[in-house]
Amino acid sequence: MPVWLREHRWRQTLTAVYLSLPLRGARATPANIFCSERYLKVSIPPFLFEAILYAPIDDTNSTAKIGNGNIFFTLYKKEPAMWDSLTLANADKEKLQYLRENAVLKAQEKAKEETEAKKITKQEHKKYALEATMKLEEAERKRIEDLKEKERQKVAKELELWKNQQKDGDKYKSIQKKGELHKEIEPLKERKSEKMSKTRIPNEGTSKTRLKSTKGCHDSGSIFAQSLKEEQLPAPRAAATIKVNFTPRVFPTALRESRVAEEEEWLHKQAEARRIINSDLSELEDLKEEEKNPDWLKDKGNKMFAMGDYLGAVNAYNLAVRLNNKLPLLYLNRAACHLKLRNLHKAIEDSSKALELLTPPVPDNENARVKAHVRRGTAFCQLELYTEGLQDYEAALKIDPRNKNIEKDAEKIRHLIQGTMQSS
Amino acid sequence: MSAAVGAERPQVVSHAQQALSYTVFDCKWVPRSARLLCLGSAARGTGLIQLYELHGARLELLREIEKPKPIKCGTFGATSLQQRYLATGDFDGNLNIWNLEAPEIPVYSVKGHKEIINSIDGVGGLGIGEGAPEIVTGSRDGTVKVWDPRQNDTPVANMEPVQGESKRDCWTVAFGNAYNQEERVVCAGYDNGDIKLFDLKTMSLRWETNIKNGVCSVEFDRKDINMNKLVATSLEGKFHVFDMRTQHPTKGFASVSEKAQKSTIWQVRHLPQNRDIFMTSGGSGSLHLWKYEYPAQRSKKDSEGSEMGVAGSVSLLQNVTLSTQPISSLDWSPDKKGLCVCGAFDQTVRVLIVTKLNKI
């Protein structure tokens with residue numbers, strides 16, 4: 001049950017009501033005050049004060065001041081009139097309830113409206129800000145464009161000026177040349193007549209000058225000086241050849257630094273392939289085409305192994321290895337053959353080689369690696385090198401822990417080791 | 001890589017551009033004019049020469065000449081200023097010299113090579129330098145030949161592979177060291193990274209080196225002076241600047257190399273008005289403007305007492321990306337400083353102006 005606060009005091013003027021509400025030690029915040037047109041409530045749990053106001057007030061403009069242990073309300077009346085009392089005296093419960101609810105609803109509506117209004121103003125502000133920045137950027141861009149335009153126009157003007165100068169210059173020069181031409185023809189004519197009167201100066205000389213002078217007269221724009229100069233040009237060079245050596249390059253394409261590494265690799269691989277094919281060419285000539293294919297040979301070897309012809313299988317694998325020594329399965333299968341033939345050292349060698357070639361330990365070659373380890377382990381054990389054998393078996397187990405056979409064999413070896421250790 | 005202060009850096013301004021309906025392989029300014037030539041190959045397998053004139057910000061087509069074979073490269077280097085004949089190399093190995101006023105019949109024609117002429121250069125013309133005008137062509141058949149327009153049918157110098165040796169494509173050629181009537185040098189770059197320097201006066205191989213990547217373009221900073229610098233660009237975005245003043249008996253010429261971008265550097269061209277500035281064009285459609293700075297001492301003595309060159313340093317002045325396709329050809333205008341034309345494989349030719357070059 002709330003504790004009602006009833007020690008309020010109030011006074012009024014024509015337009016306003018002043019209400020003072022002491023709070024019995026409670027702290028009030030704006031959230032505790034709820035006011036609508038006809039309903040005023042202050043709720044600070046457990047304290048409660050509510051009043052159904054005599055007449056409607058203007059709740060947007062009314063104020064509440066919190067301080068000094070009480071709240072001071074300034075309520076502006078909607079209609080200026082004197083109130084008989086602060087609250088409606090004869091209010092029954094239902095009416096009270098109704099009024100309360102109404103007030104709450106109204107307050108909510110108001111709150112909604114306010115948020116809406118706020119949103120709208122916010123959007124408008126944003127728009128405005130955006131437009132302002134856009135304008136600024138536009139201005140900046142325009143400024144730069146203008147600078148560039150100015151530069152361009154300046155430069156274009158200069159160009160025009162220069163062009164005109166050129167044209168004028170040319171005209172002037174041609175006029176000058178004509179003048180010079182006339183001037184030059186005179187002394188030249190004199191020289192010619194002189195030369196003619198002297199005997200037999202190289203014919204070439206005179207004929208040349210004659211030719212040139214006629215040309216000069218016809219060609220209005222030509223410079224006489226030029227034709228004289230032509231006489232002074234050296235004769236065409238004596239033809240000769242220079243032999244050139246190029247930095248060797250295998251590829252017909254241009255040299256690029258970034259491709260050099262790739263090209264080296266390619267060449268290397270080509271060399272390797274050629275070497276293999278070319279080695280022992282004499283022997284390989286006897287073989288049929290299919291017998292030169294390492295895969296075919298591997299299959300042949302497998303079949304022979306299955307039939308028990310271990311030596312034949314070994315031969316097949318040997319030939320295959322000669323053709324392509326990078327296939328791990330060849331070594332693996334050859335190891336199995338050697339085991340059967342009790343060539344234990346060879347078996348170990350081959351299994352090791354196979355394992356080497358199976359270096360990236362990925363799930364794909366798990367099977368092969370297990371087999372390699374097992375075969376090597378078996379070989380070691382048969383050589384009575386039980387510890388090494390155990391190592392291999394354990395490696396095999398690590399790869400494939402679910403293989404019962406390997407486990408059993410590993411156990412056996414362990415026992416054997418312990419047995420020998422005990423006995424020694 | 002140091003760069004000039006932002007506002008003072010040379011800017012590359014795009015002045016005009018022209019979309020073409022053919023692949024343009026080479027573009028050249030016509031000397032003493034505001035006209036430029038575009039050389040290329042039309043879709044139907046014929047060669048095209050188009051003459052444009054720069055009008056304001058536009059290029060106006062003045063003339064179009066079609067030839068039976070696609071044209072790969074051209075030069076004005078060996079012609080006089082009055083004649084301005086264009087020397088071209090085409091896909092079939094023919095060297096032709098055309099009078100653009102009367103282009104039906106070439107002034108000079110020879111089937112110089114068995115395969116496409118990749119690169120051409122001319123020297124002795126345009127009032128620059130001294131000596132006989134000569135044209136050098138480098139071809140896919142591995143030979144480099146020097147021609148004199150006054151001598152028909154046979155080259156005056158032929159640099160060919162030794163008998164029986166497999167040939168490498170010659171991708172680029174350049175003249176240099178033509179400071180008097182006798183001296184002349186040809187530099188050739190090949191696709192296996194070889195750079196060879198041939199001396200035409202002594203008709204011998206003067207120097208060779210290998211820069212580990214196919215050589216796309218070589219150029220001396222000036223053709224008509226005692227050879228000073230040589231820039232060689234290659235695949236993989238590298239270029240080398242060789243100091244050609246001091247040749248060491250075993251080590252050859254000193255060089256500095258720079259890796260500019262990830263793609264091939266197709267061309268290098270020095271600014272005619274300033275031999276220490278050059279522009280490289282790349283396979284990613286970008287142009288880089290570089291400046292070479294000389295070292296404090298250009299040569300020093302090595303342990304045995306022989307002179308050895310010292311290479312300087314290269315700094316990037318500006319770079320700009322114009323296209324998504326390689327820019328295969330580049331030419332500075334010899335008349336207006338900073339004006340250049342570039343042709344790219346996106347079938348566009350662009351006229352650019354590089355500003356503030358006076359302040360470098």
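The values are calculated or read from the model by the stated rules, or taken from the named source; none is laboratory data. Just so it is clear, the model here is predicted, and its values are computed rather than measured. Cβ placement follows ideal geometry from the backbone for every residue including glycine, while neighbour counts extend to all protein chains displayed.
Of the residues contained in segment B:152-167, none is found to be of a type in the set (Asp, Glu), at the interface with another protein chain (Cβ under 7 Å from one of its Cβ atoms), more than 18 Å from residue A:237 (Cα to Cα) and surrounded by 22 or more Cβ atoms within 10 Å (Cβ to Cβ).
Just one of the listed residues (A:74, A:87) is modelled with pLDDT of 85 or more and among the hydroxyl-bearing types (Ser, Thr, Tyr), and it is A:74. Taking the criterion of being modelled with pLDDT under 90 and closer than 23 Å to residue B:25 by Cβ, the only residue of segment B:147-171 that qualifies is B:167.
Before we move on, is residue A:291 loosely packed, with under 15 Cβ neighbours inside 10 Å and either touching a His at 6+ places or on another chain (Cβ under 7 Å) or modelled with pLDDT under 85 (or both)? Let's see the steps before the verdict.
Working: loosely packed, with under 15 Cβ neighbours inside 10 Å: no; either touching a His at 6+ places or on another chain (Cβ under 7 Å) or modelled with pLDDT under 85 (or both): yes.
No; evaluated as a whole, the condition is false for this residue.
Applying the set (1) among the aliphatic types (A, V, I, L, M); (2) within 20 Å of residue B:50 (Cβ to Cβ); (3) within 14 Å of another protein chain (Cβ to nearest Cβ) to residue B:354 leaves exactly one unmet item: (2). The set of residues from segment B:339-359 being more than 18 Å from residue B:18 (Cβ to Cβ) and either touching a Phe, Trp or Tyr at 6+ places or on another chain (Cβ under 8 Å) or among the charged types (D, E, K, R) (or both) comprises B:356, B:359. If I filter segment B:57-77 down to residues being touching a residue at least 40 places away in the same chain (Cβ under 8 Å) and within 14 Å of chain A (Cβ to nearest Cβ), which single residue comes out as nearest to residue B:112 (Cα to Cα)? This residue is B:59. When segment B:172-182 is filtered for residues that are part of a loop (DSSP other than H, G, I, E, B) and either buried (at least 24 other Cβ atoms within 10 Å of the Cβ) or modelled with pLDDT of 95 or more (or both), the ones remaining, listed by number, are B:177, B:178. Working only within segment A:86-138, note down all residues that are more than 55 Å from the chain's Cα centre (by Cα), without any contact (Cβ under 8 Å) to a residue 60 or more places away in the chain and surrounded by 10 or more Cβ atoms within 10 Å (Cβ to Cβ). The answer is A:87, A:88, A:91, A:95, A:96, A:97, A:98, A:101, A:105.
Would you list the helices (runs of 4 or more DSSP H) that sit entirely within segment A:331-424 and hold 3 or more residues that are free of Cβ contacts under 8 Å to residues at least 40 places away in the same chain and within 49 Å of the chain's Cα centre (by Cα)? So that I can check it myself, show each step before the final result.
Details: elements: A:344-357, A:366-382, A:386-399, A:404-423.
In segment A:331-424, the matching helices (runs of 4 or more DSSP H) lie at A:344-357, A:366-382, A:386-399.
Identify the residue in segment B:126-146 that is touching a Gly at 6+ places or on another chain (Cβ under 7 Å) and crowded, with 24+ Cβ neighbours inside 10 Å and, among all such residues, is farthest from the other protein chains (Cβ to nearest Cβ). It comes out as B:137.
For segment A:305-323, the criterion of a residue being part of a helix (DSSP H, G or I), surrounded by 18 or more Cβ atoms within 10 Å (Cβ to Cβ) and among the basic types (Lys, Arg) is satisfied by no position.
Per-residue answers, yes or no, for (1) within 16 Å of the chain's Cα centre (by Cα); (2) within 11 Å of chain A (Cβ to nearest Cβ); (3) crowded, with 23+ Cβ neighbours inside 10 Å; (4) within 20 Å of residue B:41 (Cβ to Cβ):
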{"position": "B:79", "(1), (2), (3), (4)": "no, no, yes, no"}
{"position": "B:94", "(1), (2), (3), (4)": "no, no, no, yes"}
{"position": "B:100", "(1), (2), (3), (4)": "no, no, no, yes"}
{"position": "B:113", "(1), (2), (3), (4)": "no, no, yes, yes"}
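Within segment A:233-252, the set of residues being aliphatic (A, V, I, L, M) and in a strand (DSSP E or B) comprises A:240, A:242, A:244. For segment B:149-171, filtering for residues that are of a type in the set (A, V, I, L, M, F, W, C), farther than 15 Å from residue B:135 by Cα and part of a loop (DSSP other than H, G, I, E, B) leaves 1.
For segment B:307-330, does any single residue satisfy the condition of being within 25 Å of residue B:212 (Cβ to Cβ) and among the charged types (D, E, K, R)? Scanning segment B:307-330 turns up no residue that is within 25 Å of residue B:212 (Cβ to Cβ) and among the charged types (D, E, K, R). In the set (1) on the phi < 0 side of the Ramachandran plot; (2) touching a residue at least 12 places away in the same chain (Cβ under 8 Å); (3) not in a strand (DSSP E or B), residue B:202 fails one condition alone, (2).
Please go through segment B:281-291 and pick out each residue that is under 25 Å from residue B:26 (Cβ atoms) and not in a loop (DSSP other than H, G, I, E, B). I'd like the intermediate steps shown before the answer.
Step one: list which residues in segment B:281-291 are under 25 Å from residue B:26 (Cβ atoms), which gives B:281-290.
If the condition is that a residue be under 25 Å from residue B:26 (Cβ atoms) and not in a loop (DSSP other than H, G, I, E, B), then B:281, B:282, B:286, B:287, B:288, B:289, B:290 are the ones that fit.
Restricted to segment B:183-196, and to residues there that are part of a strand (DSSP E or B) and under 14 Å from residue B:171 (Cα atoms), the residue that is farthest from the other protein chains (Cβ to nearest Cβ) is B:187. Among the strands (runs of 3 or more DSSP E) confined to segment B:1-120, the ones with at least 2 residues that are more than 30 Å from residue A:149 (Cβ to Cβ) are located at B:23-29, B:35-41, B:47-55, B:58-67, B:71-75, B:86-90, B:94-98, B:108-111. Restricting attention to segment B:302-329, the residues that are within 20 Å of residue B:42 (Cα to Cα) and not in a loop (DSSP other than H, G, I, E, B) add up to 3.
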